[in-house]
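Below is one structure, written out as structure tokens; the observations come after it.
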Amino acid sequence: MRGVALLVRLAQRTADCGRLMVGMPSYTDYLLHQRSHHPEAMPMNRAEFVRNRQAARFGGGGRGGFRCC
């Protein structure tokens, strides 16, 4: 069973690495940060988080244009 857990963890970390490579931070890390630094604030749900991060990276919310790098 330990081997399966290790493989699952490796897959999760690989997926996190891939997301970071394309500019998508970890939702789990976001939740941990929110709980420890902003406990009074309601965290975004996963869909809101994805939209927010995509808008921050590629433009949106009236800022217009495509932004890369």
Some residue of region 3-25 being of a type in the set (S, T, N, Q) and either in contact with a Lys or Arg (Cβ under 7 Å, 6 or more places away or on another chain) or surrounded by 13 or more Cβ atoms within 10 Å (Cβ to Cβ) (or both): no
Counted residues, region 32-45 - those being touching a helix residue (DSSP H, G or I) at 6+ places or on another chain (Cβ under 9 Å) and either β-branched (Val, Ile, Thr) or surrounded by 12 or more Cβ atoms within 10 Å (Cβ to Cβ) (or both): 2
Criterion violated by Ala55 - all others in (1) under 17 Å from the mean Cα position of the chain (by Cα); (2) modelled with pLDDT of 90 or more satisfied: (2)
Members of region 1-45 found to be modelled with pLDDT of 90 or more and aliphatic (A, V, I, L, M), listed by number: Val4, Ala5, Leu6, Leu7, Val8, Leu10, Ala11, Leu31, Leu32, Ala41, Met42, Met44
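The values are calculated or read from the model by the stated rules, or taken from the named source; none is laboratory data. It should be emphasised that the depicted structure is a prediction, and the values quoted were computed from it without experimental measurement. So basically every Cβ, Gly included, is an ideal-geometry build from the backbone, and we count neighbours across all protein chains shown.
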